[in-house]
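Report on the following structure.
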Amino acid sequence: MSDTILEIDSLSAGYGDFIAVDKVSMTVEKGQIVSLIGLNGAGKTTLINTVAGLQKPDGGTVRFKGEDITSLSADKIVAKGLSLVPQGGRCFNRMSVQDNLLMGGFTKSARKKLKETLGHVYELFPDLADMKKRPAGALSGGQRQMVAIGRALMARPDCLIFDEISLGLSPAVIKDIYRRIIKINEEEKTSVILIEQDTRRALNASDSFYVMLKGRVVLSGKSSGIDSETLKKAYFGI
Ligand code: ATP
């Protein structure tokens, strides 16, 4: 049996006539952490939004756990076990921390284990347990990011995609969040895609990497031992 959990094949997407993602192929193995790096505007967010069903592809396929999910709606994709933590730790600010988390457990299989999963999320983020009744809007940026991660975890995903989790956060908070992502990966065997602009941080945390530039994958491989000069050239397109 194949160990591939996510297989993106020649996926294209854009905005009107503009091609933001141009025939991108990528594979994620079960339990692996893959980083997706690249400059601003390289197409990373468009790619993963298309994978997660938030944007319609212009071509190509996405297979998840062996099943073609290319034309499924975003909520159906979450129900299949693929969750996205969007950029900026987006939360429902007027809702309590706990209600934000519960919103993530809407899928049929997640609903059956709601209490257990909630307990698990609070174990992973004890700060959130202390603040569960507070409105999410009253939390710091780092705490809201944790709520966003917790909400994605409530769906009990097999694969989690983090879109620039470190944006706007202090180095100490980023380190803390990365530590917890690695814990989720190790303990739950959840596959992870990390979108990052900080190449060093991304490579340190991942098993393999893809570099995107102007909508295309220009370099990929194992994260350990990659030559920094080769990486720099691919990243900047020089
Ligand atoms: P960032 O790190 O800034 O999020 P990115 O690598 O995720 O960058 P995308 O956000 O996917 O890149 O953007 C890819 C290209 O698509 C960019 O040229 C961007 O200007 C363009 N783009 C993104 N969103 C839209 C939109 N809603 N309408 C039109 N063009 C868009």
Query raised in the report: Counting just the residues of segment 16-27 that are more than 13 Å from GLY41 (Cα to Cα) and open to solvent by 40 Å² or more (accessible area, probe 1.4 Å), which one comes out nearest to the ligand (Cβ to nearest atom)?
Result: GLY16
Requested in this report: Look at GLU186 and say whether it is among the charged types (D, E, K, R) and within 16 Å of LEU124 (Cα to Cα).
Outcome: yes
**Report entry** Selection within segment 220-235 - of a type outside the set (A, V, I, L, M) and assigned to a helix (DSSP H, G or I)
**Finding:** SER228, GLU229, THR230, LYS232, LYS233, TYR235
Query raised in the report: Does at least one position in segment 210-218 carry a residue that is over 20 Å from the mean Cα position of the chain (by Cα) and among the small types (Gly, Ala, Ser)?
Result: no
Requested in this report: Give the residue that is farthest from the ligand (Cβ to nearest atom), with candidates limited to residues of segment 191-223 that are at pLDDT 95 or above and β-branched (Val, Ile, Thr).
Outcome: VAL192
Query raised in the report: Out of curiosity, is THR45 assigned to a helix (DSSP H, G or I), touching a strand residue (DSSP E or B) at 6+ places or on another chain (Cβ under 7 Å) and touching a residue at least 40 places away in the same chain (Cβ under 8 Å)?
Result: yes
Query raised in the report: Of the residues that make up segment 83-99, is at least one surrounded by 18 or more Cβ atoms within 10 Å (Cβ to Cβ), more than 19 Å from the chain's Cα centre (by Cα) and not assigned by TED's automatic domain parsing to the domain that holds ASP176?
Result: yes
Requested in this report: Quick one: which residue in ILE193, ILE149 is under 25 Å from SER228 (Cα atoms), open to solvent by less than 10 Å² (accessible area, probe 1.4 Å), of a type in the set (A, V, I, L, M) and not in a loop (DSSP other than H, G, I, E, B)?
Outcome: ILE193
Report summary line: Just one listed residue, out of ILE33, ILE5, ILE69, ILE48, is within 16 Å of the ligand (Cβ to nearest atom), at pLDDT 95 or above and not assigned by TED's automatic domain parsing to the domain that holds GLY141, and it is ILE48
Report summary line: ARG63 vs (1) within 13 Å of the ligand (Cβ to nearest atom); (2) open to solvent by 50 Å² or more (accessible area, probe 1.4 Å); (3) in a strand (DSSP E or B); (4) within 27 Å of LYS108 (Cα to Cα): all pass except (1)
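The values are calculated or read from the model by the stated rules, or taken from the named source; none is laboratory data. These figures come from a predicted structure and were not determined experimentally. Ideal geometry is used to build each Cβ from the backbone, glycine not excepted, and the neighbour counts take in all protein chains shown. Ligands, DNA and RNA are excluded from the accessible area calculation, which covers all protein heavy atoms including side chains. Shrake-Rupley method; radii C 1.70, N 1.55, O 1.52, S 1.80 Å.
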